[in-house]
Amino acid sequence: MNSKIQRSLAVVSAAALVFGVAAATNAQAAVKTYTIAYQGPLSGGEASTGIDEQNAVKYAAKLFMKKNPNIKIKIVSVDDQGDPAVASTVAPGTGSNKSILGVVGPAYSGATIASLPYYKAGGLVMISPSATRVSLTDPASPDFGGPVFHRVVGKDDLQGPALAKYATTGVSSAKVFVFDDQSAYAVPLRGFVEAGLKKVAGATVVGGGDSVPNTTTDFAPTIAKIKTSGATVVIYTGYYSQAAIFIKQLRDSGSTAIFAGGDGVFNQEFPKLAGASAEGSRITGVGGLAGISPKLEADFKKQMGVSSGVYSVESYDAANILLEGIKAGNTTRAKMLKWVKAYKGKSVSGNTIKFDANGDISYGLFAGFTTKNGVLVNTGIIK
Amino acid sequence: MNLQVLESQFWSLCLQGVALGFIYVLISLGYTMVYGVLRLINFANSEVFMIGTFATVVAQVGILQNQTDSQSLHGFRLIYTLAFALVFSMVVCGILGILVELVAYRRLRALGAKPLGFLISAIATSIVLLETTRIVTFSRPQTSPRLLDKWSFGEVAGANFRIDTVMVIISGVIIFFVLDRFVTKTRLGKAIRAVSMSEENSKLMGINLNRVVSLTFFIGGLTTGAAAFFYTTVYETTQFNVGFNLGLAAFTTAVLGGIGNLRGAFYGGMFLGVLEQFASAILGSQWKSVTVFTVLVLVLLLKPNGIFGEAVQQTRT
């Protein structure tokens with residue numbers, strides 16, 4: 001081959017290579033990928049809660065990417081099974097993965113406490129949709145999550161009295177038996193419920209209560225105590241999978257006492273697992289998307305293929321705070337933390353989201369739900 | 001401390017304790033039979049139980065096509081369904097018992113391994129079973145349908161004789177009696193006892209050692225499978241980690257009664273079941289484990305081989 005032709009061929013191919021690479025780089029520059037994480041129980045007995053929450057986060061990201069085609073959002077799923085022991089094994093990886101700009105979660109308070117040291121060390125901002133333990137935002141407590149921890153849900157010192165009130169509504173001189181599942185979430189909540197009961201006219205706490213390990217399946221001794229105490233209302237602070245086992249045994253024992261539970265029991269799996277025994281149960285929780293915007297709920301179902309579930313409003317709000325932060329150019333952890341701290345915006349529920357110095361929002365409304373024909377039905381905000 | 005509960009619920013707690021005790025007894029036979037023959041603890045037995053609970057659900061829902069929210073069954077259909085689920089769970093656990101022995105014990109026995117080797121291989125097998133089930137079931141609790149309507153024969157002194165409670169106790173007694181007769185009266189039972197006394201001498205007598213060991217694991221699996229069926233029928237739920245607590249309680253039962261001793265397991269189970277109920281009711285459920293294990297330590301301090309265990313001198317090292 002002629003050396004001239006050889007040379008020009010080489011020049012042409014080199015030019016093509018350079019141009020090609022440049023073009024590819026330009027195309028990549030157009031779409032940037034940012035990562036956030038969702039942390040909660042995605043497997044295990046509490047998986048239903050985590051899957052519902054993660055769906056809401058994915059939905060928020062989907063809508064965001066549609067509006068902002070040049071930003072791609074990657075969601076890392078961090079499965080802590082709602083268990084502090086599991087959380088402390090998955091949190092170090094999340095904390096040290098610098099591509100993660102913020103976490104929606106953890107879902108549960110115990111798992112939050114176990115994860116906190118790693119996220120504090122990594123300066124990773126967290127916005128929990130459902131961790132309600134009071135001490136998480138109490139600067140005097142060793143569980144204090146500041147500066148990284150925030151939540152868009154009301155605390156247990158609001159929920160406890162609301163649950164006490166809802167459980168005893170319409171029951172004159174209520175005799176209330178309260179028991180917990182020994183978890184980091186349930187024990188303090190039980191305290192706030194008992195404190196709340198003192199303010200309910202005519203209500204008395206009876207039987208001394210109980211504290212049952214969350215692996216228990218035989219509730220006979222607790223039921224013996226409930227029967228001895230003559231309780232007309234039984235309040236359980238714990239989670240839905242256990243509550244379902246308990247309520248069946250309580251009804252089988254012949255007791256007709258009202259059963260009530262906190263937001264740990266608030267899950268549509270509860271009536272499914274417990275069947276007819278769950279009818280009439282009174283559960284405190286937070287209203288879902290469907291109650292706030294039927295239009296948004298319809299779109300959610302269309303996009304995600306399933307209905308929205310528990311804490312969908314909170315998870316959607318939490319994800320949007322991080323997503324707006326990314327849009328505003330806060331693409332380092334430090335900037336994102338600053339963004340969240342200074343954030344002021346609207347929740348899909350219409351409330352104004354603004355965090356106080358300890359990471360709490362100013363509102364927090366709990367709604368009452370009752371089981372009717374195998375489904376938890378919203379009966380309105382507890383006032 | 002809640003002593004009031006004793007006044008109105010004493011017999012109720014006793015009855016519930018005995019029913020729970022029978023479930024412990026049936027699982028503990030899986031430990032005690034194997035220990036009697038091999039002087040080794042079968043730590044995989046708790047997971048054999050767990051598999052049995054899932055086998056029960058598979059039999060009821062998967063094979064016999066009863067839906068989770070289906071109505072209770074009656075008459076022949078009920079008896080057939082319960083009997084099928086019981087036999088299915090027992091057979092699955094029996095076969096699993098044999099497999100556990102083949103995988104975790106046989107080769108190590110042939111190589112003359114130290115007890116620690118068996119302990120580790122049994123725990124490893126147990127973890128494999130546990131984690132596999134966790135992955136397959138997505139760690140979610142599985143509800144078993146209420147096929148048996150829980151009607152009551154009536155109350156006596158506050159104790160509610162409900163059909164499931166009565167069924168567990170009567171079946172427990174029958175299974176235990178049959179097993180006891182089998183071990184004491186039949187040729188195979190005698191072979192098991194012979195191996196338990198002396199491996200070497202029983203070999204000289206022409207007993208096929210491997211077959212006896214397999215048989216022992218099979219029988220332990222059968223009783224554990226029966227326990228799994230009763231557990232699932234009474235509590236109507238299971239989960240991948242259900243074996244841990246129940247297995248621990250059954251192991252405690254075996255040790256309390258004197259591991260290796262069938263009748264010891266029986267008394268150990270009754271004692272533990274009732275003790276757990278009273279400790280939880282009087283002191284609070286949070287004190288249950290503290291009470292149970294304090295009593296266990298005290299018993300072992302006084303009788304190192306359990307209440308009905310062999311005297312120390314007779315124990316092989």
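The values are calculated or read from the model by the stated rules, or taken from the named source; none is laboratory data. Computed from a predicted model, the values in this text were never measured in an experiment. Note that we place each Cβ from the backbone using ideal geometry, even for glycine, and neighbour counts take in every protein chain shown. Please note that ligands, DNA and RNA were not included when accessible areas were found on the heavy atoms of the full protein model with its side chains. Shrake-Rupley method; radii C 1.70, N 1.55, O 1.52, S 1.80 Å.
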Selection count, the stretch B:121-139, where residues are more than 21 Å from the chain's Cα centre (by Cα) and surrounded by 20 or more Cβ atoms within 10 Å (Cβ to Cβ): 1
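For (1) at pLDDT below 95; (2) on the phi > 0 side of the Ramachandran plot; (3) outside any strand (DSSP E or B), each residue gets a yes or a no:
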position: A:Ala22; (1), (2), (3): yes, no, yes
position: A:Ile51; (1), (2), (3): yes, no, yes
position: A:Phe64; (1), (2), (3): no, no, yes
position: A:Val76; (1), (2), (3): no, no, no
position: A:Ser88; (1), (2), (3): no, no, yes
The lone exception for A:Thr49 - which of (1) away from chain B (no Cβ under 14 Å); (2) open to solvent by less than 40 Å² (accessible area, probe 1.4 Å); (3) among the polar types (S, T, N, Q) it fails: (1)
Identity of the residue in the stretch B:61-102, open to solvent by 60 Å² or more (accessible area, probe 1.4 Å) and in contact with a Lys or Arg (Cβ under 9 Å, 6 or more places away or on another chain), that ends up nearest to B:Leu40 (Cα to Cα): B:Thr68
Is there a residue being under 17 Å from A:Thr49 (Cβ atoms) and crowded, with 22+ Cβ neighbours inside 10 Å anywhere in the stretch A:210-223? no
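Matching residues to (1) in contact with a Pro (Cβ under 7 Å, 6 or more places away or on another chain); (2) surrounded by fewer than 24 Cβ atoms within 10 Å (Cβ to Cβ); (3) within 14 Å of chain A (Cβ to nearest Cβ):
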| site | (1), (2), (3) |
| --- | --- |
| B:Val242 | no, no, yes |
| B:Asn245 | no, yes, yes |
| B:Leu262 | no, yes, no |
| B:Val297 | no, yes, no |
Of the criteria (1) buried (at least 20 other Cβ atoms within 10 Å of the Cβ); (2) of a type in the set (D, E, K, R); (3) within 13 Å of another protein chain (Cβ to nearest Cβ), which one B:Glu7 fails: (1)
Which ones in the stretch A:332-353 are surrounded by 14 or more Cβ atoms within 10 Å (Cβ to Cβ) and either in contact with an Asp or Glu (Cβ under 7 Å, 6 or more places away or on another chain) or not in a helix (DSSP H, G or I) (or both)? A:Tyr343, A:Ser347, A:Val348, A:Ser349, A:Asn351, A:Ile353
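Quick check on this structure: which one of A:Val178, A:Val200, A:Val212 is within 14 Å of chain B (Cβ to nearest Cβ) and free of Cβ contacts under 8 Å to residues at least 40 places away in the same chain?
Values: A:Val178 fails: free of Cβ contacts under 8 Å to residues at least 40 places away in the same chain; A:Val200 fails: within 14 Å of chain B (Cβ to nearest Cβ).
Result: A:Val212 is the single residue among A:Val178, A:Val200, A:Val212 that is within 14 Å of chain B (Cβ to nearest Cβ) and free of Cβ contacts under 8 Å to residues at least 40 places away in the same chain.
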Exception for B:Arg77 within (1) in contact with an Asp or Glu (Cβ under 8 Å, 6 or more places away or on another chain); (2) over 30 Å from A:Gly45 (Cβ atoms) falls at (1)
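Can you go through A:Ile235, A:Ile247 and tell me which one is more than 10 Å from every other protein chain (Cβ to nearest Cβ), crowded, with 23+ Cβ neighbours inside 10 Å and in a strand (DSSP E or B)?
Numbers: A:Ile247 fails: in a strand (DSSP E or B).
Criteria check complete, one pass: A:Ile235.
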